[in-house]
1. Grab the beta carbon distance between Asp98 and Ala68, set R0 = 30 Å, and tell me the FRET efficiency rounded to 0.05.
2. Can you give the three extents of the C-alpha atoms in segment 88-172 along their principal axes, from longest to shortest, in whole Å?
3. What shape does segment 148-232 take by its C-alpha gyration tensor, where a ≥ b ≥ c are the square roots of the eigenvalues and a/c under 1.5 counts as rounded, a/b above b/c as prolate, and the rest as oblate?
4. Starting from the Cα of Ala184, step 7 Å along the direction of its Cβ; do the same at Glu38; then give the gap between the two resulting points in nm.
Amino acid sequence: MPVLDVRLGGLSGRPGCQDGRAVRTAVVSSVPNMEFSEAVRRRRMTRNFQEVPLERSVVDGLLAEALAAPSAGNTQGREFVVLEGPEQTDRYWQSTTDAAWRARSRRYEGMSRAPVVILPFSDPDAYVDRYAEPDKVRSDGDEVEWVVPYWHVDASFAVMTLLLAAADRGIGGAFLGNFRGEAALKDELGVPAQLCWLGAVLLGHAMLPDPPSTSAARPRRTEEDTIHRAGW
């Protein structure tokens, strides 16, 4: 059963007005504030958002924590485009979906209310350049063979940190993958061609009801099934 977290509008809600006097509106969220270890265990994707904006200081704090995530060679080859408010976030939805998809999607209405959309990009060229520097270049002079594309790994670390930081603050978050519209989105936002788009992080206060995805019904694999000590 969800725990309700009620915050005063002066902190995180939208100020209202009644009889000429400033009033505070309450924000009811299904995502409670929690300790970090609890945030790891209880974090879930929010797919139904309120149209209540997030304060800029809150968004900036979440991004600062995301940028503290690990980075191979301290390359830091991850970039974020931040869209706030319906006019900006609609540029994301219009670039990556079409009218037919929006009409048939049972989640679009709730997700499109998210007041913040953060778009993470990775920069492959930054890693190629970094690993050609004196402290990283191979002793045989050959170029690094990128068996694992660490630009995607590092950007994913940052996204996961962002989602956990949101949960830790009682803010709803969801990650939507890159399935369509990357070229149109990058053109719309003026993103450099060499950057790779991972997907979108939606942030905002959760609206009730926010039923879990059908995927949540899948049983979780046990530690015994997943962890292989001293070998497979």
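1. Details: r = 37 Å, r/R0 = 1.23.
Rounded to the nearest 0.05, the efficiency is 0.20.
2. 56, 33, 22
3. Details: a/c = 2.07, a/b = 1.27, b/c = 1.63.
Cα axes put segment 148-232 in the oblate bin.
4. 4.2 nm
The numbers here are math on the coordinates, done by the rules we state, and not lab data. Here the structure is a predicted model, which means the values were calculated and not measured. FYI the Cβ positions are ideal-geometry reconstructions off the backbone, even for glycines, and counts take in every protein chain you see.
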